[in-house]
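See structure below.
All of the numbers you see were taken from the coordinates with simple rules; none came from a lab. Keep in mind that this is a model prediction, so the values were computed, not measured. Here the Cβ positions follow ideal geometry from the backbone for every residue, glycine too, while neighbour counts run over all protein chains shown.
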Amino acid sequence: MTEGSQPRYATALPSLFISHGAPDMVLSEGEAVVALRTLAARLQRPRAIIIISAHWRATPIGITDSEALPTVHDFDGFPEVLYALRYPAKGDAALSADIERRLRQQGLNAQCDPRRGLDHGAWMPLMVMYPAADIPVVQVSLPATEMGGIDGIAEMTALVHLGNALAPLRKRGHLVIGSGGSTHNLAAIQAHGPTAGWALQFEQWLRETVEENHFERLLTPSDSSTVFKHAHPSLEHYAPLIVAWAAGNQRLPGRRVHHGFDYGNLGMSFFEFD
């Protein structure tokens, strides 16, 4: 299909942050699954999907570049049925090359990877949102060097540059998704029992930060959230939120479109950014 024959988009698609939860979420009919389906049905059908997952960090920043994207089962100890699932989405070579160019223009070292497939932070939510797997997908990694510090401003700024590089692609009908977790402390998950106070407190802080338009506060979370390191002992599930808001309009507030917890303290919030 030529550029001139591509569908026109009167307005840019939003960018999204979704909490992908545990791998077995895809087998459930829980609230998060229903919310993902509802969200996908409300959006205009994307021309392609660009997804940034907590589960791929690379130096240089990696970009999938394969016609047939393998389904990566990067988890252990879950029901065998999960390992038989496949999400047979196709890639988009031209889009991958365009993303690499845009990242380099932002001063980020990036490289297309013809061997990399979709990890569970990418294929799981996409299997729920777009089960036909008939929309091209490109996964972009987080910068590996930015995962060493918990909230250093230099590290956070690189994530902003990543989102900024992807932002113009929304006007071309591409849906940008950051896939992580609104709280992600695996030492605190539990099959039963109430949600801990620190998890509730952090979710409230996160909602206020996004909906009251404090983008800069997102970059230094420990300065205003005393429970940040409880909610995110490591940065990788928080980082896609920064990319998603930067890929949206960071001068405008976002909206929380779903909220909940799995396994006690595993935050399942979704945010939408214009």
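How many percent of the alpha carbon pairs in the chain exceed a separation of 27 Å?
For the chain, the fraction of Cα-Cα distances above 27 Å is 32 percent.
Compute, for the range 10-273, the length of the dipole vector about the Cα centre, with Cβ point charges of +1 (Lys, Arg) and -1 (Asp, Glu) only. Units Debye, rounded to 20.
860
Among Thr11, Ile242, Leu219, whose Cα projects farthest towards the positive end of the dipole of the chain, with charges put on the beta-carbon of Lys, Arg (+1) and Asp, Glu (-1)?
The listed residue farthest towards the positive side: Thr11.
For the chain, give the share of DSSP beta bridges that are antiparallel, in percent and rounded to the nearest 5; count only bridges with both residues there. Walk me through the numbers before you get to the answer.
Working: 10 of 32 bridges.
The antiparallel fraction comes to roughly 30 percent.
I need the GluC sites (Glu not before Pro) found in the range 165-228, filtered to DSSP loop residues with at most 11 other beta carbons within 10 Å of theirs.
Glu212
How would Lys229, Lys171 line up from fewest to most surrounding beta-carbon atoms within 10 angstrom?
Numbers: Lys229 16, Lys171 11.
Placing the least packed residue first, the sequence is Lys171, Lys229.
Using each residue's phi in the range 228-242, evaluate 6.51 cos²θ - 1.76 cosθ + 1.60 at θ = phi - 60° and report the 3J(HN,Hα) Karplus result to the nearest Hz, with x for Gly and Pro.
Once rounded to whole Hz, the list reads 4, 6, 6, 6, 9, x, 10, 8, 5, 7, 8, 4, x, 5, 4.
Quick one: which residues, 5 or more positions from Val257 or on another chain, have an amide H under 5 Å from its amide H? H modelled 1.01 Å from N in the peptide plane, none for Pro or chain starts.
Hits under the 5 Å cutoff: Phe270, Phe271, Glu272.
Looking at Trp205, Ala132, Gly181, which one has the Cα that reaches farthest to the positive end of the dipole of the chain (charges on Cβ: Lys, Arg +1; Asp, Glu -1)?
Ala132
Normalised by the number of residues in the chain, what is the relative contact order in percent for Cα pairs under 8 Å and 6+ residues apart?
Computed over the chain, the figure is 30 percent.
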